[in-house]
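To keep things clear, I will list the structure first and then write my remarks on it.
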Amino acid sequence: QSAAVDYLEASDADVVVLQEISESQAMSISPRLRSYPHAYLQGADESDTVVFSKWPILNATTEKLAPDGVSAIRSVLDWRGQHITLIAVHLHWPIGPLSSRRRNAELEGLSRMAQPLDEPLIILGDMNVTPWSSHSKALTNTFGLDDCAAGHGLNPTWPSQLLLLGIRIDHCLATTHWKTVRVWTGPHLGSDHRPMGVEMQLEAW
């Protein structure tokens, strides 16, 4: 945990999303993340996700993606006077037909949650789907979202100790308001996932 906190502090990221974490665990590390005075931790036990931000979080909610599915966090950030919507998700792992149907229903719920797309939006998290999946492509092609990592290498994130055999199941999707500058995969920090970093530039709109 200490290595992960040190890495986040040194990253200089504007926003950090952590997953597979409880609210109590997030509260224990929050004082050590001094660069991130704003946080939404209350939905962690339902969504498995927390958000830390250098910028004010104007509002945040935890919303169900499907009747038998997980919840996602929708937050609105004040980034230099611009409102940015950030959706953070951790979807079901598709082992077996039941779990696969749940993951697919969650992806459909995520697409509905993302509408409308007329303001800057970022969706990120462990979606448990590869970039080549038809379900993943439905989000990008059908609903007008860009895969931020497209054109920036493979950047496998899982499993963290076998990256030569790894795949990318952690994703950052964004509306066309954004231009991706750089995408990278961080070091092994004890999790079975490597951290995924994305540097983005907000285009004029």
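The values are calculated or read from the model by the stated rules, or taken from the named source; none is laboratory data. Keep in mind the model is a prediction, meaning the values are calculated, not measured. Here Cβ is always computed from backbone atoms with ideal geometry, including for glycine, and neighbour counts include all displayed protein chains. The accessibility values were calculated without ligands, DNA or RNA, using every heavy atom of the protein model including side chains. Shrake-Rupley method; radii C 1.70, N 1.55, O 1.52, S 1.80 Å.
Annotations
- Dipole of the chain, positive end: most advanced residue of A114, W93, I73 [Cβ charges, Cα centre]: W93
- Sum of side-chain charges, S71 neighbourhood, beta-carbon under 9 Å (Lys, Arg +1; Asp, Glu -1): -2
- Cβ-based net charge around A4, under 12 Å, with every Lys or Arg adding one and every Asp or Glu removing one: -1
- For the stretch 36-151, the dipole from Cβ point charges (+1 on Lys and Arg, -1 on Asp and Glu) about the Cα centre works out to 100 debye, to the nearest 20.
- Based on Cα contacts under 8 Å between residues 6+ apart, the chain shows a relative contact order of 13 percent.
- For the options L58, L165, L41, a Gaussian network treatment of the chain with springs between C-alpha atoms closer than 10 Å singles out L165 as fluctuating the most.
- Applying 0.36 nm per residue to the separation of S134 and R101 and subtracting their alpha-carbon distance, the gain on full extension is 10.5 nm.
- Residue among G109, G125, G166 with the largest mean-square fluctuation in a Gaussian network model of the chain, springs linking Cα atoms under 10 Å: G166
- Here the dipole of the stretch 84-205 is about 320 debye; that uses its Cα centre as origin and unit charges on the Cβ of Lys and Arg (positive) and Asp and Glu (negative).
- Overall, the chain carries a charge dipole of about 240 debye about its Cα centre when +1 sits on the Cβ of Lys and Arg and -1 on the Cβ of Asp and Glu, all other atoms neutral.
- Accessible surface of the chain [probe 1.4 Å, protein heavy atoms]: carbon and sulfur percent: 53 percent
- Rounded accessible area per residue of the chain, 1.4 Å, Å²: 50 Å²
- When the convex hull of its Cα atoms is viewed from all sides, the stretch 1-59 shows a mean projected area of 3.7 nm².
- Value in Å of the Kirkwood radius, where the chain supplies the Cα pairs that are averaged: 17.2 Å
- Total formal charge among the other residues, if their Cβ is under 10 angstrom from that of R32, Lys/Arg +1 and Asp/Glu -1: -1
- Its Cα gyration tensor gives the stretch 97-174 an equivalent ellipsoid, and the semi-axes of that ellipsoid, as √(5λ) in whole Å with the largest first, are 22, 16, 10.
- Listed residues A13, I57, L202: farthest to the positive end of the dipole of the chain (Cβ charges): L202
- Model label sites at R32 and L58, defined 7 Å from Cα along the beta-carbon direction, differ in position by 3.3 nm.
- Per-residue Karplus couplings for the stretch 65-82, computed as 6.51 cos²θ - 1.76 cosθ + 1.60 with θ equal to phi - 60°, are listed in order as 8, 7, x, 10, x, 7, 9, 10, 9, 10, 10, 10, 9, 9, 9, 6, x, 9 Hz, Gly and Pro entered as x.
- Built amide H within the under 5 Å cut-off of H193, gap 5+: S160
- If you run the Gaussian network model on the chain, springs between alpha carbon atoms under 10 Å, then out of S30, S134, S160 the most flexible one is S134.
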